[in-house]
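To keep things clear, I will list the structure first and then write my remarks on it.
Just so you know, all these numbers are worked out from the coordinates, no wet-lab data involved. Bear in mind the structure is a predicted one, so any value in this text is a computation, not a measurement. Cβ coordinates were reconstructed from backbone atoms using ideal geometry, including for glycine residues, and neighbour counts include every protein chain displayed.
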Amino acid sequence: MKTKHQIIDETVAYYSEDTKRRAVTGQSCHYFQKETGNMCAVGRCANDPQKLDGSCYFKTLSAKLSDEEIFKPEYRGHSVEFWSDLQFLHDENSHWDEKGLTPEGKEYVKNLKENYHD
């Protein structure tokens, strides 16, 4: 199982490599974006992001489905709050620019790591 810090670092690296990988349209986020194949932070770690209800916030989705139904084995075992906070890293446009994390995004990542110890 991956640690919280590993998942945070992996997420930052994945979207920093190409911020166009983010699955956002305006203020909306997508677990899986059909037009591009992009996935959000949760979708990237999901067994089958195309089958997740894209109209649900993660907290609502996690109330309907188990950890095993949502996530690949290596991503299981973390709290709903962790995934919601990681998702906010992905969703918030002010966290990213064309080069990767903005100063605001870096501060958010620092706070995530302080809040979620492995």
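Worth pointing out:
- Exceeding the 26 Å Cα-Cα cut-off - candidates LYS51/LYS110; LYS59/LYS110; LYS34/LYS72: LYS51/LYS110
- Karplus (6.51, -1.76, 1.60) ³J(HN,Hα), θ = phi - 60°, over the stretch 54-61, in Hz, Gly and Pro reported as x: x, 8, 9, 5, 4, 4, 6, 4
- The GluC sites (Glu not before Pro) of the stretch 24-118 that DSSP puts in a loop, and whose beta carbon has at most 14 other beta carbons within 10 Å, are GLU35, GLU98.
- For LYS20, the aspartates and glutamates whose Cα falls under 12 Å of its own Cα, not counting residues fewer than eight places away in the same chain, are ASP97, GLU98.
- Annotation: amide H-H contacts under 5 Å for TRP96 (H modelled 1.01 Å from N, sequence separation of 5 or more, or interchain): THR102.
- Estimated [θ] at 222 nm from DSSP helical runs (n ≥ 4, -39500 (n - 2.57)) normalised by residues in the chain, nearest 500: -13000 deg cm²/dmol
- DSSP-assigned coil residues among trypsin sites (Lys or Arg not before Pro) in the stretch 10-118, each with at most 13 further Cβ atoms within 10 Å: LYS34, LYS99
- Whole-Hz Karplus values for the stretch 69-74 come out as 6, 8, 9, 4, x, 5 Hz, taken residue by residue from phi with 6.51 cos²θ - 1.76 cosθ + 1.60 and θ = phi - 60°; glycine and proline positions read x.
- The Cβ shell under 11 Å around VAL80 holds other residues with a net charge of -2, Lys and Arg each +1, Asp and Glu each -1.
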